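Right, one structure below, let's go through it.
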Amino acid sequence: MRFGIAVYPGSNCDYDTYRVIRDVLGEEVRFFDYRETKIENIDCMVLPGGFSFGDYLRPGTLSAHTPLTQAVIDYAEKGGIVIGICNGFQVLTEAHLLPGALLPNIHGKFVCKHQYLRVENDSTVFTNKTKKGQVLKIPIAHHDGNYFCDEETLKQLKENGQIVLRYCDKEGNVSSEANPNGSIENIAGIVNKRGNVFGLMPHPERASEEVLGSTDGLFILQSILSS
């Protein structure tokens with residue numbers, strides 16, 4: 001499978017993601033500069049974590065208006081698979097490829113830790129190697145991961161099965177205590193209605209080898225491979 005990784009000024013998880021795809025998954029991968037205007041010969045496009053354009057204005061806002069992001073929009077509209085991780089999720093919402101917005105964490109602090117997540121939908125391109133209700137342990141590292149949307153959007157997300165991951169505790173209980181950032185209904189990751197664009201705040205590339213303390217991120221990455 002051929003992967004592409006978006007590189008914006010300030011991206012800092014691009015090489016981490018590149019190494020995991022190349023060395024752990026053993027797949028083809030190349031970088032795409034933010035000034036590029038076409039995405040071709042790629043099976044999955046990854047928008048990695050980081051602080052693109054220094055998070056000026058709002059995280060992901062400036063990146064959403066680059067030539068590459070317009071190419072990502074065109075690619076997604078044609079059915080291309082897109083995954084946005086952390087800052088990539090923020091870019092996807094700012095580009096309106098995903099509904100809602102990522103607000104500052106409710107406690108106003110940057111949070112960096114391993115986080116438990118419950119799989120809410122195991123039939124997506126990104127979770128077909130998991131089982132509904134399965135608990136994953138994948139790191140988070142963000143200041144603006146507080147997912148918010150209006151009531152009508154939330155209703156549609158639920159009806160369409162677009163909520164893919166929720167923050168939970170080790171036993172899979174979804175509660176306010178297990179919510180690290182104040183996200184509405186503990187939402188950690190969603191897909192678009194079509195199911196080919198996925199945004200999540202946790203970092204699966206940081207949970208891909210035993211030495212990192214978890215390999216649960218591979219459930220997501222290997223799901224993409226089997227799609």
**Request:** Please determine, by comparing only the residues of segment 163-196 that are touching a Lys or Arg at 6+ places or on another chain (Cβ under 9 Å) and closer than 17 Å to Gly88 by Cβ, which one is surrounded by the fewest Cβ atoms within 10 Å (Cβ to Cβ).
**Result:** Ser183
**Prompt:** Which of (1) more than 22 Å from Arg194 (Cα to Cα); (2) part of a loop (DSSP other than H, G, I, E, B) is the odd one out, the single condition Gly79 does not satisfy?
**Reply:** (1)
**Asked** Under 8 Å by Cβ, and 6 or more places apart or on different chains, what pairs join a residue from segment 43-55 that is under 9 Å from Pro9 (Cα atoms) and in contact (Cβ under 8 Å) with a residue 24 or more places away in the chain with one that is among the small types (Gly, Ala, Ser) and in a helix (DSSP H, G or I)?
**Response** Ser52/Ser63; Phe53/Ser63
**Item:** Selected residue [surrounded by fewer than 21 Cβ atoms within 10 Å (Cβ to Cβ) and of a type in the set (A, V, I, L, M, F, W, C)] from Leu25, Leu102, Leu62
**Value:** Leu25
**Residues (part of a helix (DSSP H, G or I) and in contact (Cβ under 8 Å) with a residue 40 or more places away in the chain) located in segment 82-98** = Asn87, Gly88, Phe89, Gln90, Val91, Leu92, Thr93
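Quick one: in segment 35-87, of everything that is hydroxyl-bearing (Ser, Thr, Tyr) and over 21 Å from His203 (Cα atoms), which residue is farthest from the chain's Cα centre (by Cα)?
Only one residue tops the list, namely Thr37.
Values quoted throughout were computed directly from the atomic coordinates according to the rules given, and no laboratory measurement underlies them. Here the structure is a predicted model, which is why all the values come from computation and not from measurement. As a convention, Cβ positions derive from the backbone with ideal geometry for all residues, glycine included, and neighbour counts pool all protein chains shown.
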